[in-house]
Amino acid sequence: MKILVAVKRVIDFNVKVRVKADQSGIETANVKMSMNPFDEIAVEEALRLKEAGKAAEVVAVTIGPAASVETLRTAMAMGADRGIHVLAEGDVEPLAVAKLLKGVVDKESPDIVFLGKQAIDNDCNQTGQMLAALADWPQATFASKVELMAGENGGAVAVTREIDGGLDTVKITLPAIITTDLRLNEPRYASLPNIMKAKKKPVDQMSPEDLAVDVTPRLTTLKVEEPPTRAAGIKVADVGELLDKLRNEAKVI
Ligand code: AMP
């Protein structure tokens, strides 16, 4: 079995994001970038299937500028066998990412594609679903448990999904798209020897033109603003004063 994992380079989740002075977007110059956290979970799940002897190869794919190759190196340092880099500048919207991934899926014929449930920079939560529609493959989103089902003709997976009312377990036949939720696993850290080994692993580079995909954005960002700063709170001496303020100043009781 071959597993493809989509990994996106995003601003590190610990960084306080700043809006550009001209409000045209967010500041990315000299900002720490990392692999999207949900994609680390996706890589980890693929590696666990490989280590359990269920998968033969794990291939990481990223779409982005030249520096995105670092994200592929991280995936390979975690244990992915090789990388595919679709070189694209600027913001590539989820539909274009899904079309590019569909092109890679056609070339690679994986049995499972793992994606994160969402990228933490745009919070779109669209790419996996769009890829499933384009490939016409079954999809299981927000996975918190993935179990290959033995004895199923052609292969099937039971995927447990976290939903509002509890846990929903679905069976999907392979090939399939699975998007990962936070509680699926705890991703490993890459060890130094593995980081060194990852430098020698192969990365194929291709362009959107190679995959015949037009990545021109369909959306125009009008303005990006900081959220309003919260007004400072006050301290009250006792419950009496609190009730008085709620009644006579805030007028909420
Ligand atoms: P989104 O729909 O943008 O919230 O992204 C959902 C998932 O799609 C991410 O967690 C990644 O697995 C994948 N993805 C989105 N954009 C990219 C990209 N530029 N390169 C590789 N994978 C991506």
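The values are calculated or read from the model by the stated rules, or taken from the named source; none is laboratory data. What you see is a predicted model; the values in this text were computed from it and never measured. Heads up, the Cβs are rebuilt from the backbone with ideal geometry, glycines too, and the neighbour counts pull from every protein chain shown.
Candidates ASP181, ASP121: the one that is crowded, with 16+ Cβ neighbours inside 10 Å, modelled with pLDDT under 95 and within 14 Å of the ligand (Cβ to nearest atom) is ASP121. The residue that is modelled with the lowest pLDDT, among those in the range 26-52 that are away from the ligand (no atom under 16 Å from the Cβ) and part of a loop (DSSP other than H, G, I, E, B), is ALA29.
Among THR160, THR141, THR173, THR180, which is free of Cβ contacts under 8 Å to residues at least 24 places away in the same chain and polar (S, T, N, Q)? Exactly one of THR160, THR141, THR173, THR180 is free of Cβ contacts under 8 Å to residues at least 24 places away in the same chain and polar (S, T, N, Q), namely THR160. For the range 184-204, filtering for residues that are away from the ligand (no atom under 16 Å from the Cβ), out of contact with any strand residue (DSSP E or B) (no Cβ under 6 Å at 6 or more places or on another chain) and of a type outside the set (S, T, N, Q) leaves 12.
Based on this model, can you work out whether GLU108 counts as surrounded by fewer than 18 Cβ atoms within 10 Å (Cβ to Cβ), of a type outside the set (Lys, Arg) and under 24 Å from SER191 (Cβ atoms)? Against the criterion (surrounded by fewer than 18 Cβ atoms within 10 Å (Cβ to Cβ), of a type outside the set (Lys, Arg) and under 24 Å from SER191 (Cβ atoms)), GLU108 does not qualify.
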